[in-house]
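Here's the structure we're looking at; comments come further down.
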């Protein structure tokens, strides 16, 4: 049975030398460039992997080169097999 419920997942990316270079820049401009770079990189990955309008990216995580996205379990499996993705984890509600 295909899952149609969108749930929050965290996607973490593989090592990226450009991310490391930008992250090591301790300037305000460097931080801004890093945010723009990651946001575009994450948006491009989603646009090239999933159906437009079928997901909602909620934030990019600058500290770990990852992002949060509302997707189905099936979409999470598709992202897991994407070239630059290291890990896809469903958000676990803490009791």
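Laboratory data are not the source of any read-out in this text; all were calculated from the coordinates shown. Treat the numbers as computed from the prediction; the structure is a model and nothing was measured. Note that we place each Cβ from the backbone using ideal geometry, even for glycine, and neighbour counts take in every protein chain shown.
Laid out as a table, the results:
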read-out	value
Given (1) part of a helix (DSSP H, G or I); (2) within 15 Å of residue 85 (Cα to Cα), number of the condition residue 11 does not satisfy	(1)
Filter result (over 23 Å from residue 15 (Cα atoms) and under 14 Å from the mean Cα position of the chain (by Cα)) within segment 71-95	71
Close pairs (8 angstrom Cβ cut-off, 6 or more residues apart or separate chains): touching a residue at least 24 places away in the same chain (Cβ under 8 Å) in segment 74-93, assigned to a loop (DSSP other than H, G, I, E, B) and loosely packed, with under 12 Cβ neighbours inside 10 Å anywhere	74/2
Filtered residues of segment 64-73 (kept if in contact (Cβ under 8 Å) with a residue 60 or more places away in the chain and surrounded by 18 or more Cβ atoms within 10 Å (Cβ to Cβ))	69, 71, 72
Extreme residue, nearest to residue 19 (Cα to Cα), among residues of segment 48-63 that are within 10 Å of the chain's Cα centre (by Cα) and loosely packed, with under 14 Cβ neighbours inside 10 Å	59
Residue tally, condition in contact with a helix residue (DSSP H, G or I) (Cβ under 8 Å, 6 or more places away or on another chain) and either loosely packed, with under 12 Cβ neighbours inside 10 Å or touching a residue at least 12 places away in the same chain (Cβ under 8 Å) (or both), over segment 25-40	3
